[in-house]
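Enquirer: Below you will find the structure I want to go over with you.
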Amino acid sequence: DRQTLLAVLQFLRRSNLRESEEILRREARLLGDDLGAAALSPAGTGLLGAPGGDADSTGGEALLSRVTAAAAIAIGGSAATLLLYANTFAVGGGVVVEDQPDVSAVLSAYNQQGDPTLYEEYYSGLKHFIECSLDCHRAELSQLFYPLFVHMYLELVYNQHESEAKSFFERFHGDQECYYQDDLRVLSSLTKKEHMKGNETMLDFRTSKFVLRISRDSYQLLKRHLQEKQNNQIWNIVQEHLYIDIFDGMPRSKQQIDAMVGSLAGEAKREANKAKVFFGLLKEPEFDVPLDDEDEEGENEEGKPKKKKPKKDSVGSKSKKQDPNAPPQNRIPLPELKDSDKLDKVMNMKEAARRVRLGPDCLPSICFYTFLNAYQGLTAVDITDDSSMIVGGFADSTVRVWSVTPKKLRSVKTAADLSLIDKESDDVLERIMDEKTASELKILYGHSGPVYGTSFSPDRNYLLSCSEDGTVRLWSLQTFTCLVGYKGHNYPVWDTQFSPYGYYFVSGGHDRVARLWATDHYQPLRIFAGHLADVTCTRFHPNSNYIATGSADRTVRLWDVLNGNCVRIFTGHKGPIHSLAFSPNGRFLATGATDGRVLLWDIGHGLMVGELKGHTDTVYALRFSRDGEILASGSMDNTVRLWDAVKAFEDLETDDFTTATGHINLPENSQDLLLGTYMTKSTPVIHLHFTRRNLLLAAGAYSSQ
């Protein structure tokens, strides 16, 4: 509009950018005199202070200040690009550049020219238009209701039309989808301009453009309607605060849209899921597997044991060929295998040879560890890969480690006693342990707040715990003492997890970022920023090159460890995400949230490929069986459910069309995939673990109510 143009021209003149000014003036057909006149006009009418607001933050001055901020980025661009940069804080893939954007700059975009009394009319007019449009367009255009409702309400509040804002809210908030109820509750508490300054949700909504995916036909229909009606207020909001991702082809159905929407910032842009992801597994190092005693006669001439016999094809000979989708072996530096790790791998292979092949006709046995009398409040559980130890994190800030085998937990002897040991003896590793310390339970003290996440290292020498006190602690399982406290988060840390190769670990917290650490660095190596609310859960991909994070903004993101980029954004959950699990082959991701749904994602194509409905409360635990045939989910509804993962992932529609438009067709009924439901008496399930032989372990604290 003319006012904006004049502000930009004025700015260009001040900056001595004559050429750009000329070009822009020619394009806009404005004469030199207009510019002078606008600058000279009296305060009541012209650019420098529209009536009804403070002069410094209204009209031209606000525009000028916003343009100035943007000029650094796009000097000499046309006015359109200048303003575009001024209004978007998000640069490149939705990463907010400034951690706390300047509030007044963000809010000043709400200086409206519209008549406050007409807002209800504008909105109901659009609502009537959409409800009367053809079915095929109605579902797509209905996505506009929520973001427009929020922005129009905030605009009224910002311009201090409090009574109009209240009546607007009361009239239309009931029309919004049920999964926005929590956001609307926050919104209803913002009734004055002052409230908006410190509200993070509000700022996020303002700074990140709400993304809608709409077919070209529906978009043209909307545009024509708004332009005919001269409904500039709504059109301005659409252009300034929404990002409409237009695709060619059939409009999507209500089911297809419902499956994908619900996050704080709308859907993901299709570009966000285009980057190549190396989801394949790394090649296992090759080493000789000593045969069992009964196979002694199979030794070859030199007396060396042969390689694993081909009949046991499970692990020993599985990964000789490089997976075409795997990352290069040296893409990120991984720790060298120690002898003890090799020994453990051999044990793992032997166990795997005796593993039960699961399937619809052969379900796993489930062994449930119930924490009784856990009046300290159980907040986190983890089980070692070899299922020998279990750890609980508690609300009384303790970490408790139990041995679940007959072998007791022992500490290393004191330095004085160690000096007496013969270092050359064969059983030196046995001798350094102090029998006097043997016990089934060790309690670790050190945190000063509830412990929300725990994770054993793959070699079982270390344990991580993270807490409300903002720290992540690394404990030694040799001495049962704290080795390091990692301080990087300033707020509660909700989850932490070791990499499948050890050495690296990830943490996520209330400060909305996930951090990647290495055990020997006290500063994080990477900071993954982009979520709009708390990072509630974190998981490493089996090849350790990627990290998945789930958040209270109702999205799941996949991050590249190498460069810190966000390579996937998955939207579709209607509540904060609390559990993540990668399939053993690295191709798929399962996610669970407070909406009780488990969603399945194809990582390579960046698509949702399944939805498992059945739980009636938050899904806190997800785990694939060792061969990936079965997915187990555990929930606050006191049940463990088993799903047929093979069937869920077979014959997926991942053709180019689906990938390009996101037209996903989920089977109507996920009951065909449900293999079994197992109730506990009154114990919410907060952790699941498959042993190396595919026995399913579950854990939770008995609740008496």
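The values are calculated or read from the model by the stated rules, or taken from the named source; none is laboratory data. Keep in mind the model is a prediction, meaning the values are calculated, not measured. Every residue, glycine as well, gets a Cβ built from its backbone with ideal geometry; the counts of neighbours run over all protein chains shown. Quick note on the areas: whole protein, heavy atoms, side chains included, nothing else; ligands and nucleic acids left out. Shrake-Rupley method; radii C 1.70, N 1.55, O 1.52, S 1.80 Å.
Enquirer: Outside any loop (DSSP other than H, G, I, E, B) and either without any contact (Cβ under 8 Å) to a residue 24 or more places away in the chain or under 31 Å from the mean Cα position of the chain (by Cα) (or both) - does that describe any residue in the stretch 332-342? Step through it out loud before you land on a result.
Expert: The first filter runs over the stretch 332-342 and keeps only residues outside any loop (DSSP other than H, G, I, E, B), leaving 339-342.
Adding the requirement that they be either without any contact (Cβ under 8 Å) to a residue 24 or more places away in the chain or under 31 Å from the mean Cα position of the chain (by Cα) (or both) leaves 339.
Yes, the conditions are met somewhere in the stretch 332-342.
Enquirer: Continuing with this model, one more query. Kindly list, by first and then second residue, each pair from a residue in the stretch 481-507 that is outside the structural domain of A380 (by the TED database) and at positive phi to a residue that is among the hydroxyl-bearing types (S, T, Y) and open to solvent by less than 60 Å² (accessible area, probe 1.4 Å), limited to pairs with Cβ atoms under 7 Å and residues at least 6 apart or on different chains.
Expert: none
Enquirer: Residues that are more than 18 Å from K229 (Cβ to Cβ), β-branched (V, I, T) and out of contact with any Leu (no Cβ under 6 Å at 6 or more places or on another chain): which helices (runs of 4 or more DSSP H) entirely in the stretch 128-180 hold 1 or more of them? Walk me through how you get there before you give the answer.
Expert: Numbers: elements: 135-141, 145-158, 162-172.
Filter on the stretch 128-180 gives 145-158.
Enquirer: Condition check: under 15 Å from the mean Cα position of the chain (by Cα) and in a strand (DSSP E or B). Does V567 satisfy that? First the steps, then the outcome.
Expert: Working: under 15 Å from the mean Cα position of the chain (by Cα): yes; in a strand (DSSP E or B): yes.
For V567, the condition - under 15 Å from the mean Cα position of the chain (by Cα) and in a strand (DSSP E or B) - is met.
Enquirer: Something else about it: Quick one: in the stretch 403-428, which of the residues that are open to solvent by 70 Å² or more (accessible area, probe 1.4 Å) and touching a residue at least 12 places away in the same chain (Cβ under 8 Å) is farthest from L688 (Cα to Cα)?
Expert: T414
Enquirer: Next up: Mind listing whichever residues of the stretch 451-479 are more than 15 Å from T384 (Cβ to Cβ) and touching a strand residue (DSSP E or B) at 6+ places or on another chain (Cβ under 8 Å)?
Expert: Filtering the stretch 451-479 down to residues more than 15 Å from T384 (Cβ to Cβ) leaves 451-453, 466-474, 479.
Those that are more than 15 Å from T384 (Cβ to Cβ) and touching a strand residue (DSSP E or B) at 6+ places or on another chain (Cβ under 8 Å): V451, Y452, G453, C466, S467, E468, G470, T471, V472, R473, L474, T479.
Enquirer: With the requirement that a residue be in a strand (DSSP E or B), open to solvent by 50 Å² or more (accessible area, probe 1.4 Å) and of a type outside the set (D, E, K, R), what does the stretch 484-496 give you?
Expert: Matches in the stretch 484-496: W494 only.
Enquirer: Against the conditions (1) assigned by the TED database to the domain that holds L190; (2) over 19 Å from the mean Cα position of the chain (by Cα); (3) open to solvent by less than 20 Å² (accessible area, probe 1.4 Å); (4) in contact (Cβ under 8 Å) with a residue 40 or more places away in the chain, where does I257 fall short? Just the number, please.
Expert: Exception for I257: condition (1).
Enquirer: Restricting the search to the stretch 209-254, which residues are free of Cβ contacts under 8 Å to residues at least 40 places away in the same chain, part of a strand (DSSP E or B) and more than 11 Å from P147 (Cβ to Cβ)?
Expert: D245, I246 - these are the residues of the stretch 209-254 that are free of Cβ contacts under 8 Å to residues at least 40 places away in the same chain, part of a strand (DSSP E or B) and more than 11 Å from P147 (Cβ to Cβ).
Enquirer: Suppose we filter H573, H521 for residues that are at pLDDT below 95, open to solvent by less than 10 Å² (accessible area, probe 1.4 Å), part of a loop (DSSP other than H, G, I, E, B) and not acidic (D, E); which single one remains?
Expert: Values: H521 fails: open to solvent by less than 10 Å² (accessible area, probe 1.4 Å).
None of the other options fit; the residue is H573.
Enquirer: Among the listed residues F480, F505, identify the single one that is surrounded by 17 or more Cβ atoms within 10 Å (Cβ to Cβ) and within 19 Å of the chain's Cα centre (by Cα). Don't jump to the end; show me each part of the working.
Expert: Values: F480 fails: within 19 Å of the chain's Cα centre (by Cα).
Among F480, F505, only F505 is surrounded by 17 or more Cβ atoms within 10 Å (Cβ to Cβ) and within 19 Å of the chain's Cα centre (by Cα).
Enquirer: Just to be sure, is Y462 under 17 Å from T519 (Cα atoms) and open to solvent by 40 Å² or more (accessible area, probe 1.4 Å)?
Expert: Numbers: under 17 Å from T519 (Cα atoms): yes; open to solvent by 40 Å² or more (accessible area, probe 1.4 Å): yes.
It is true that Y462 is under 17 Å from T519 (Cα atoms) and open to solvent by 40 Å² or more (accessible area, probe 1.4 Å).
Enquirer: While we're looking at this one, here's another question. Find the residue count for the stretch 336-380, including only residues that are open to solvent by less than 50 Å² (accessible area, probe 1.4 Å), polar (S, T, N, Q) and not assigned by the TED database to the domain that holds P500.
Expert: Residues that pass the stated criteria total 1.
Enquirer: In the stretch 181-197, how many residues are free of Cβ contacts under 8 Å to residues at least 12 places away in the same chain and either open to solvent by less than 80 Å² (accessible area, probe 1.4 Å) or among the aliphatic types (A, V, I, L, M) (or both)?
Expert: Of the residues in the stretch 181-197, 3 are free of Cβ contacts under 8 Å to residues at least 12 places away in the same chain and either open to solvent by less than 80 Å² (accessible area, probe 1.4 Å) or among the aliphatic types (A, V, I, L, M) (or both).
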